[in-house]
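Peer 1: Quick one: the structure is below, and I'll ask about it shortly.
Coordinate-derived values only; no laboratory data. Note that this is a predicted model, so its numbers are computed, not measured. Heads up, the Cβs are rebuilt from the backbone with ideal geometry, glycines too, and the neighbour counts pull from every protein chain shown.
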Amino acid sequence: MTSSFSNLSLAEPLARAVAEMGYESMTPIQAQAIPVVLSGQDVMGAAQTGTGKTAAFSLPLLQRLLKHESGSASPARHPVRALVLLPTRELADQVARQIALYAKHTRLRSTVVFGGMDMKPQTIELKKGVEVLVATPGRLLDHIEAKNTVLNQVEYVVLDEADRMLDIGFLPDLQRILSYLPKQRTTLLFSATFSPEIRRLAGSYLDNPVTIEVARPNETAATVEQRFYSANDEDKRRAIHQVLRTHGLTQAFIFVNSKLGCARLARSLEREGLRTTALHGDKSQDERLKALEAFKSGAVDLLVCTDVAARGLDIKDVPAVFNFDVPFNAEDYVHRIGRTGRAGASGLAFTLVSASDARLVADIEQLIKKKIDIEAIEYDEDRPRGRINDGRRAWRDAGETGDLRDAIPPAPRERSERREQYRGARPAVSAHDPFFEKPYEANSADAAAPTWEAAARQPARSSVSANIKPRRKLAALLKASQPETQ
């Protein structure tokens, strides 16, 4: 099977764009899907995330649409011919950028529409006319209802990351959108995982599709090393610091399960001296794009995010992924760790597991069909420093190895001689003190009175005025005689 892009029968504008982007060899999903799409058949494709599904459907679609390219400025000459639907804004924006790069030497137009931004600029682009429309389902329905676009000439529809769209409840929106499309069309469904729901969707909207599976469904990438560490909730931030130091990591994704937890963790790591930003659904689209650009450019080292970033984001050379929270859905684990180890590069995936995550870890084991070993983390601050005592009066430095208990102890006679020598070096001490053997002797009668009684008999200070009468002293007992006044 053809494995080089140079051997494909691509039109010269597309071949030139591919060469400029540095594409040489095709990935397995590209090698199998591109010829099938070029032949006009429906496709149901499954591949690990990060293996080039975007090029697998974009290049053959653009090739088949070249017959419709027109230099006319009239919008009527540029109806929507291909529709690409994706679950998230970030993924839609990324795919639209890729398609624009592939088509830059052609006269085909493309644009993207998604929520979180003003509809007016999107409406202006749609009114100009586009052949390729990339969209999220919700915003596309907004434009359809506003009559900003018409889909009655669509020839190709792509459902990318279809399982994710079903997970977040887009099935009713998908059904409405597909009802606006012509019955005669080519439908391509791509997903990282296949589930019974996906197969039912394919059975309803695909016509005798060619199934392409380049890897076992739900299989994790072989280039990603997976490590599971035991850490309670209070120690998870400490664990992140330790793993970053141990492996010398410069950048990483950190996934959490909630938007609130995402914001809190990002603030905490920022206070602890790590360059961090957050990406979650409560942020505006402008904030989300800025966070991604900062991470891509290296302005920040850690991107703390929810599963909104787990699907399809293609950021090159990210060395590691942290699962701060074990995902509730085991399939999300596959997508999360797919953010590293992309395009054949190696990557690390660390999952922090608390005592309450046993069931979730078991679900992941069942999905990936691998036994998971949970390791303990050794923290730098817990390691002994300086000299170490093993409890047997034997000392060694922290860097020394071996068990001092294996050393041969001195002979009993030798120990006895050392003990006597040590005792002889000390000054002799009497066994008893004669003071404690003396009999009790009472004080004599003429002994000095206690200091407190002597102080009581002292006359009043002369500093007291004679005109001031002293206070009358009361008797200690009721029957005692009244003291005389001075």
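Peer 1: Between the DSSP loop rule and a limit of at most 15 other Cβ atoms within 10 Å, which trypsin sites (Lys or Arg not before Pro) in segment 1-106 are left?
Peer 2: Lys104
Peer 1: Find the relative contact order for segment 224-379 and round it to a whole percent, using C-alpha pairs within less than 8 Å whose residues are 6+ positions apart.
Peer 2: On the way: 270 pairs, mean separation 54.7, N = 156.
Relative contact order for segment 224-379 comes out at 35 percent.
Peer 1: Next question, about the same structure. Taking Lys128 as the anchor, which lysines have their alpha carbon closer than 20 Å to its alpha carbon, excluding any fewer than eight residues away along the same chain?
Peer 2: Result set, ordered by chain and number: Lys67, Lys104, Lys120, Lys147.
Peer 1: Can you give the FRET efficiency to the nearest 0.05 for Glu24 and Thr123, using r as the Cβ-Cβ distance and R₀ = 35 Å?
Peer 2: Result of the calculation: an efficiency of 0.30.
Peer 1: State the number of lysine pairs found in segment 224-379 whose Cα atoms come within less than 19 Å, restricting to pairs 8 or more positions apart or on distinct chains.
Peer 2: Summing the qualifying lysine pairs gives 6.
Peer 1: How big, on average over all directions, is the shadow cast by the Cα convex hull of segment 5-213, in nm²?
Peer 2: Orientation-averaged projected area of the Cα hull: 10.8 nm².
Peer 1: When the label point is put 7 Å from the Cα of Gln153 along its Cα-to-beta-carbon vector, which residues of segment 53-88 have a backbone N closer than 17 Å?
Peer 2: Only 62, 64-84 fall inside the zone, counting backbone N under 17 Å.
Peer 1: Which loop-located GluC sites (Glu not before Pro) does segment 214-280 contain, where loop means any DSSP state but H, G, I, E or B and the Cβ has at most 13 other Cβ atoms within 10 Å?
Peer 2: The qualifying sites are Glu272.
Peer 1: Let me ask something else. Could you work out how far apart the two model spin labels at Glu293 and Gln175 are, taking each label as a point 7 Å from the Cα in the direction of the beta carbon, and quote it in nm?
Peer 2: 4.0
Peer 1: If I model a spin label as a point 7 Å beyond the Cα along the Cα-Cβ vector, how far apart are those points for Ser70 and Ile372 in nm?
Peer 2: For the pair Ser70/Ile372, the computed spacing is 5.5 nm.
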